[in-house]
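Next up is a structure, given as structure tokens.
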Amino acid sequence: MSPSLFEGANAWLTQSLGSSTGVSSFLLLIVAGILASLLPCVYPLYPITAAFLSRRQSRLGRLAHPLAYYAGLALIYFAFGVVASVTGGSFNEVLRQPLANLLIGGLLLTLALATAGLLHFPALTSSKKSEGNGIGSTLLMGAGAGLLSSACVGPVVVSILVSIAASTTRISAGVALLAAVKMMLFGLGVGLPFLLIGVFGVALPRSGMWMVRVQKVFGALIAWFATGYVFKGLAGFGFSNQASWALAGGALLVVAAVFFAQDAAAVVHERTKRALLALAGVIGFFVIGRTLMAGQASATAIPATAALTETHGNLVWHLDKTAAYAAAAQSGKPVFIDFHGDWCTNCKAFQEKALSDPALNAALAAATLLKVRDNTTLFEQYREDPRFPELKVGLPFFLITDPKEALLYKTSDFTKTYEMTLFLSE
């Protein structure tokens with residue numbers, strides 16, 4: 001798969017799980033929940049739980065306890081969504097750090113291995129039930145099922161929460177409600193088989209090898225999603241797409257070599273754990289070596305004089321606002337401002353798009369370009385401007401103005417290249 005197709009698919013998935021309000025995104029969450037419910041460590045529990053709840057009596061009728069259980073499961077996911085949205089602004093800024101992207105990617109890859117049955121986390125497979133015969137205890141039982149449903153559902157929950165938090169740029173009641181509803185839809189999907197058994201008495205297919213296949217596919221999907229974060233983190237540290245693919249291939253070879261070098265009769269979970277520890281050792285060795293080399297290079301570096309422009313490919317960026325607007329006034333061209341941070345992975349992703357996207361590249365080449373770095377006084381001036389609260393949340397951020405500094409367009413989404421091109425062409 002080409003990097004552009006890979007990035008496009010991940011961007012679509014992130015938008016669908018996070019900021020999108022289309023019907024397709026809601027259906028995707030329900031389907032994701034249903035698929036998660038079919039995994040081997042979840043699905044077989046539903047008939048047992050339904051049979052247990054059927055023995056509980058309530059003055060509200062026979063459906064009271066199954067519906068309360070289903071509601072409890074959905075409500076815990078609703079709460080997850082609220083937390084993800086409330087912390088979204090700060091989380092969004094943290095996500096732009098290369099190290100944060102690598103850590104999140106590593107976490108999701110680890111959870112993907114757990115989903116595929118290659119790692120085992122006992123703490124996530126607890127099946128402890130709440131005691132008591134009231135509706136309240138059944139509601140809590142459902143909430144507990146949402147929290148401790150297993151390592152199969154957990155990784156999917158983490159993936160969705162990361163997408164919701166990453167897409168949140170401004171906290172409001174509406175944003176929190178949307179995130180909560182999205183997570184609740186996933187929870188409703190997870191509990192749907194239980195609802196069909198416990199309320200409608202539907203006989204579902206028997207468990208079997210097909211469930212193991214679902215588990216493997218789900219693990220692969222989570223790993224694919226996680227790899228996007230790893231690649232963004234590597235890009236933030238200056239690695240190209242080609243270098244990132246080479247590193248990914250090398251890491252896979254290390255893990256495979258150590259895994260298959262062990263006794264085939266050993267427990268799979270233990271073989272995987274040793275392979276990952278070996279990979280961690282190799283990564284640590286190269287990190288230490290690169291840090292030492294960088295330290296030596298910085299110690300011998302010669303200070304450079306401040307430049308007024310910066311060139312990337314065929315694009316020349318002004319670094320001085322006065323010079324940029326003087327050039328714009330002379331040519332009558334709009335001014336495109338890129339607020340940039342060397343630590344910002346999405347900022348660097350936009351730099352690549354500016355050269356690889358033909359339409360965007362042509363539009364930028366015909367405009368006056370200004371780059372404002374986050375460690376300059378000019379950046380702080382823009383940050384304190386009440387018209388641009390987005391800069392208080394994080395980077396990237398882009399402005400298009402006319403030669404007299406009248407605002408034409410602004411966005412924090414580096415993928416909206418089509419809109420940028422439209423405004424630059426007007």
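With a Förster radius of 25 Å, plug the Cβ-Cβ distance of residue 268 and residue 220 into 1/(1 + (r/R0)^6) and report the FRET value to the nearest 0.05.
For residue 268 and residue 220, the calculated efficiency is 0.90.
All other residues with a Cβ under 13 Å from the Cβ of residue 398 taken together, and with Lys, Arg as +1 and Asp, Glu as -1, what is their net charge?
Neighbour charge sum, excluding residue 398 itself: 0.
Let me ask something else. Could you tell me the distance between the Cα centroids of region 351-380 and region 218-273, to the nearest Å?
Each part's Cα centre sits 33 Å from the other's.
What ranking of 315, 60, 196, 279 comes out by heavy-atom accessible area, probe 1.4 Å, highest first?
60, 196, 279, 315
Give me the 1.4 Å probe accessible area per residue for region 311-426, excluding ligands and nucleic acids, in Å². Before the final figure, lay out each step's value.
Values: 5360 Å² over 116 residues.
In whole numbers, region 311-426 has 46 Å² accessible per residue.
Enter the accessible area of residue 283 (Å², nearest 10), with the probe set to 1.4 Å and all protein chains included.
Answer for residue 283: close to 90 Å² accessible.
Report the GluC sites (Glu not before Pro) located in region 338-415 that are in a DSSP loop and have at most 10 other Cβ atoms inside 10 Å of their Cβ, or state none.
The qualifying sites are 384.
Please give, to one decimal in nm, the separation of the simple spin-label points placed at residue 326 and residue 99, each 7 Å out from Cα toward the Cβ.
Going by the 7 Å Cα→Cβ label model, 4.1 nm.
Quick one: net charge of residue 367's neighbours, Cβ under 12 Å, K/R +1, D/E -1?
It works out to a net charge of -2.
Which residues in region 345-363 have a backbone N closer than 13 Å to a point placed 7 Å from the Cα of residue 333 along the Cα-to-Cβ line?
Under 13 Å, as judged by backbone N against the label point of residue 333, lie 361-363 of region 345-363.
Got a number for the accessible area of residue 316? Probe 1.4 Å, square angstrom, nearest 10.
Surface open to solvent at residue 316 totals about 80 Å².
The values are calculated or read from the model by the stated rules, or taken from the named source; none is laboratory data. All of these numbers come straight from a predicted model, not from anything done at the bench. With ideal geometry, Cβ positions are generated from the backbone for all residues, glycine too; neighbour counts draw on all protein chains shown. Just the protein is used for accessible areas: all its heavy atoms, side chains included, with ligands, DNA and RNA removed. Shrake-Rupley method; radii C 1.70, N 1.55, O 1.52, S 1.80 Å.
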